[in-house]
Amino acid sequence: MSFCSNVKAELARQPIHTCCAIAEAYGILLFCNTFTPGCIKIVTESRDLAQRLPRLFKKAFDIEFDQLPNQEQGKAIFTIDCPRKLSAIYETFGLDVQATVSLHVNLSVLEEDHCKISFVRGAFMAGGSVTDPEKRYHLEFATSHHYVGREVYSLLMELGFYPKDTTRGGNSILYFKQSDHIEDVLTTLGAPVCAMQIMEAKVEKEFRNKINRWVNCETANVGKTVNAAQEQLAAIRKLEKMDLYEQLPQKLRETAELRKAYPEASLLELAQMQDPPLTKSAINHRMRKILELSRG
Ligand SMILES: [Zn+2]
């Protein structure tokens, strides 16, 4: 199951209260596939929403769907085309089934905060999606009703959420990109378990980034050690070519021999290999001397 279907499953487990049932059904209708005076059509891939819809519509409008989905189908399709049922639904929202005006959100059916939240939950279940937080942070609501998009924008602001808005393929889209905003939206709508998973994914991602930064930094240090060793080896070879190597003071030659034997060792490691061991500054001093002599 995708993260999005887990979220919808968690939301669909919320109890259905009578006043909120109307609000949630309203959100579903305004964000579903078809909501016109002639037909209602809700298509969903969420099995959990499919199980909730008949109970929800029964409680909200005391009606049944005219067509229920076939159990075997991938997507569940619910339709209502009976004129009596359609006008009952329109009347519940103070709409005239005969009027041809654009759909609006009738805020008088969403007076209480719990009803507003239920409306948004319905909108999300029918027309929303959320991306797996392992990939990126994105939650959106999509509706084909232009005014509804703007009105739900204000409604979300009233609830303390500040979405961004855009249009895509003629649909009005409200979306969130910040993980903490998405967590808050999901917690408010009734999916705190999934919200927690977003938080966990974020912590894990930050931890991985920290490890990567540390590894990169270590690699850079190793690179520096290797570059320095290359330079020292080149100096030693140059001294050998100039027949100066044999004339090096005993101590410098010992250090040069160790460097040739252990080309990848750090200076500190070389210092510890000396007999007796040297301090880092002492071996540094000897190496500098070797480099200096090689420059002539
Ligand atoms: Zn309510």
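The values are calculated or read from the model by the stated rules, or taken from the named source; none is laboratory data. If you're wondering where the values come from, they're calculated on a predicted model, not measured in any experiment. Don't worry about glycine lacking a Cβ; one is built from the backbone with ideal geometry, like all the others, and counts go over all protein chains shown.
Of the strands (runs of 3 or more DSSP E) that lie entirely inside region 108-227, those containing 2 or more residues that are more than 16 Å from the ligand (Cβ to nearest atom) and loosely packed, with under 14 Cβ neighbours inside 10 Å span 164-168.
Checked against the criteria, Q232 does not count as in contact (Cβ under 8 Å) with a residue 40 or more places away in the chain and within 30 Å of I117 (Cα to Cα).
Can you pull out every residue in region 137-196 that is in contact with a His (Cβ under 9 Å, 6 or more places away or on another chain) and of a type in the set (F, W, Y)? Selection gives Y137, Y147, F161, Y162, Y175, F176.
So that you can scan it fast, the table gives a plain yes or no per residue for (1) under 22 Å from V222 (Cβ atoms); (2) at pLDDT 90 or above; (3) among the polar types (S, T, N, Q); (4) crowded, with 17+ Cβ neighbours inside 10 Å:
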| position | (1), (2), (3), (4) |
| --- | --- |
| R253 | no, yes, no, yes |
| R259 | yes, yes, no, yes |
| S266 | yes, no, yes, yes |
| P276 | no, no, no, no |
| H285 | no, yes, no, no |
| R288 | yes, yes, no, no |
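For region 217-258, enumerate the residues that are under 51 Å from the mean Cα position of the chain (by Cα), charged (D, E, K, R) and within 18 Å of R295 (Cα to Cα).
Start the filter on region 217-258 by keeping residues that are under 51 Å from the mean Cα position of the chain (by Cα), which leaves 217-234.
Cutting the leftovers down to charged (D, E, K, R) gives us 218, 224, 231.
Matches in region 217-258: E231 only.
Restricting attention to region 67-80, the residues that are out of contact with any Ser or Thr (no Cβ under 9 Å at 6 or more places or on another chain) and either exposed (fewer than 14 other Cβ atoms within 10 Å of the Cβ) or not assigned by TED's automatic domain parsing to the domain that holds H145 (or both) total 5.
If you check E91, E64 for being away from the ligand (no atom under 16 Å from the Cβ), surrounded by fewer than 23 Cβ atoms within 10 Å (Cβ to Cβ) and assigned to a helix (DSSP H, G or I), only one passes: E91. R213 passes every criterion in (1) over 23 Å from R121 (Cα atoms); (2) under 14 Å from the mean Cα position of the chain (by Cα) apart from (2).
Taking the criterion of being touching a Phe, Trp or Tyr at 6+ places or on another chain (Cβ under 9 Å) and under 28 Å from S2 (Cβ atoms), the only residue of region 202-242 that qualifies is K202.
I'm trying to understand the selection: among the residues of region 1-58, which are within 15 Å of the ligand (Cβ to nearest atom) and not in a helix (DSSP H, G or I)? Across region 1-58, the qualifying residues are Q14, P15, I16, H17. A201 meets the conditions (1) in contact (Cβ under 8 Å) with a residue 24 or more places away in the chain; (2) more than 30 Å from H114 (Cα to Cα) in every case but one. The failed one is (2).
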